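FYI, it's all coordinate maths here, none of it is from the lab. Remember, predicted model here, so these are calculated numbers, not experimental data. Here the Cβ positions follow ideal geometry from the backbone for every residue, glycine too, while neighbour counts run over all protein chains shown.
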Amino acid sequence: EKGGHDYFMLKEIEEQPEALANTLRGHFVDGRIVLDEQRMSDQDLRDVDKVFVVACGTAYHSGLVAKYAIEHWTRLPVEAELASEFRYRDPVLDRDTLVVAISQSGETADTLEAVRHAREQKARVLAICNTNGAQIPRESDAVLYTHAGPEIGVAATKTFLAQVAANYLVGLALAQARGTKYPDEVAREFEALSAMPAAVEQVLSTVDQVREIGRELAESKAVLFLGRHVGYPVALEGALKLKELAYMHAEGFAAGELKHGPIALIEPGLPVVVVMPSPKGRAVLHAKLLSNISEIQARGARTIVIAEEGDETVRPIADHLIEIPSVPTLLQPLVATVPMQVLAAEIARSRGYDVDKPRNLAKSVTVE
Ligand code: M6R
């Protein structure tokens with residue numbers, strides 16, 4: 001049942017506050033983060049000296065977000081890597097390496113093989129998975145389930161937000177065990193996370209506006225996505241959604257790379273979606289993005305800017321402005337990704353495609 005929606009994906013986009021709340025529920029008890037579905041002790045977590053996050057597609061993008069948060073909170077080196085690359089190079093792994101394998105289905109062949117490779121090298125593997133009893137959690141040392149509920153649309157939406165939240169829980173559990181954050185700081189971070197379902201609910205009020213923008217962009221040949229810091233994986237995710245659903249050429253770039261090549265792509269009328277950092281949280285990055293947007297607008301690009309509410313500086317250079325609530329910097333992907341999902345779905349629908357079943361794709365990729 002699509003619940004009165006044109007397509008399942010829209011229903012699932014709207015279920016995101018609930019998916020987030022369900023994923024966080026029960027993980028903060030008596031002032032402590034508990035990863036209760038995991039079989040790793042505090043001592044195991046204390047021994048970790050390096051983290052690899054491995055996954056494919058959208059799940060990989062959640063891993064890229066995790067890198068920023070886990071490094072910041074724990075001071076551990078974190079690498080996010082495509083599962084298909086990880087296992088074919090010779091990653092340096094040992095008993096004190098934590099490999100976080102993220103998979104909605106828990107059956108993705110590349111991620112499963114990465115898990116097997118990591119365990120052969122004696123690394124410890126924690127799976128983040130949305131499917132009870134799937135192969136990846138079965139073969140991992142520990143599992144943290146996302147409770148997003150079944151996802152029917154081939155494009156991952158609510159499971160992405162749930163994966164990001166689960167990664168944050170892993171980061172906070174590591175910080176707590178290692179003592180890189182005091183208990184009251186961990187409590188405050190969890191409180192900020194707990195406020196995110198309401199923040200996502202607020203972004204959902206922009207759905208109609210974003211669908212309208214999507215209809216206007218439906219005839220475009222290509223769309224570029226720009227972001228910095230945690231906005232960079234959001235840009236990659238926006239581009240992936242558009243490729244997979246609307247069959248359009250779409251690229252996500254780190255905004256700092258613009259002058260190193262991609263700016264040559266800018267031509268009159270080209271839509272460019274930009275994720276703005278918070279002017280309060282990351283003022284330096286905000287200023288740099290502002291100048292990036294001015295440059296691309298001066299070259300005639302059509303700018304679609306996702307920015308914090310009340311950020312008036314972007315108004316003059318945004319052809320379309322999509323407002324998101326003000327949230328802590330590391331949590332911004334949870335709100336900034338939502339308009340990207342709606343945009344891709346609506347462009348696809350306007351072009352006459354089946355949003356829930358894009359061509360050539362399967363919900364879970366069980367062959368390499
Ligand atoms: O089931 P998994 O999370 O392991 O799947 C990984 C990717 O195949 C998946 O995220 C894919 O990129 C989505 N269709 C993107 O929307």
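Projecting the Cα atoms of 207, 217, 195 onto the charge dipole of region 185-233, computed from C-beta unit charges around the Cα centre, puts 217 farthest toward the positive end. For the chain, the percent of C-alpha pairs falling in each 10 Å distance bin, counted from 0 to the bin holding the largest distance, reads 5, 26, 34, 25, 9, 1. Dipole magnitude for the chain: about 520 debye, using +1 per Lys or Arg Cβ and -1 per Asp or Glu Cβ, origin at the Cα centre.
Extending 7 Å from Cα along the Cβ direction at residue 6 and again at residue 218 yields two label points whose distance is 0.7 nm.
Rg of the Cα atoms in region 209-368, relative to 2.2 N^0.38 Å, amounts to 1.00. Extending 7 Å from the Cα toward the beta-carbon at both residue 354 and residue 257 defines two label points whose distance is 3.3 nm. Residue order for 230, 273, fewest other beta carbons within 10 angstrom first, comes to 230, 273.
With a 10 Å cut-off between alpha carbons and a GNM built on the chain, which of 123, 307, 298 moves the most? Checking each option, the largest mean-square fluctuation is seen for 298.
Set the Cα radius of gyration of region 141-279 against 2.2 N^0.38 Å, with N its number of residues, and you get 1.26. Let me have the 222 nm mean residue ellipticity of the chain computed from DSSP H runs of 4+ only, each contributing -39500 (n - 2.57), with the sum over all residues rounded to the nearest 500. The helix-only estimate for the chain comes to -13500 deg cm²/dmol at 222 nm. Proximity of backbone amide H atoms, modeled 1.01 Å from N, is registered between residue 53 and 79, 80, 81, 100 at under 5 Å, excluding neighbours fewer than 5 places apart on the same chain. Out of every Cα-Cα pair that region 118-175 contains, those further apart than 14 angstrom amount to 59 percent. Just so you know, the Cα atoms of region 78-159 work out to an Rg and Dmax of 12.6, 38 Å.
Taking +1 at the Cβ of each Lys and Arg and -1 at the Cβ of each Asp and Glu, which of 115, 102, 83 sits farthest along the dipole of region 66-115 towards its positive end, judged by Cα position relative to the Cα centre? Result: 102. May I ask you to derive the FRET efficiency for residue 367 and residue 319 from their Cβ-Cβ distance with R0 = 41 Å, giving the value to the nearest 0.05? For residue 367 and residue 319, the calculated efficiency is 0.45. Of the trypsin sites (Lys or Arg not before Pro) found in region 1-54, the ones in coil according to DSSP and having at most 10 other Cβ atoms within 10 Å of their Cβ are 25.
Extent along the principal axes, Cα only, for region 1-116: 51, 41, 24 Å, with the longest axis given first. Loop-located trypsin sites (Lys or Arg not before Pro) in region 113-178 (DSSP state not H, G, I, E or B) with no more than 15 neighbouring Cβ atoms inside 10 Å: 122.
Sparse packing (at most 12 other Cβ atoms within 10 Å of the Cβ) combined with a DSSP loop state is found for the following GluC sites (Glu not before Pro) in region 184-253: 219.
Only Lys, Arg, Asp and Glu carry charge here, each on its Cβ (+1 for the first two, -1 for the last two); on that basis region 75-169 has a dipole of about 240 debye about its Cα centre. Placing unit charges on each Cβ (+1 for Lys and Arg, -1 for Asp and Glu) gives the chain a dipole about its Cα centre, and among 291, 330, 175 the Cα reaching farthest toward its positive end belongs to 291.
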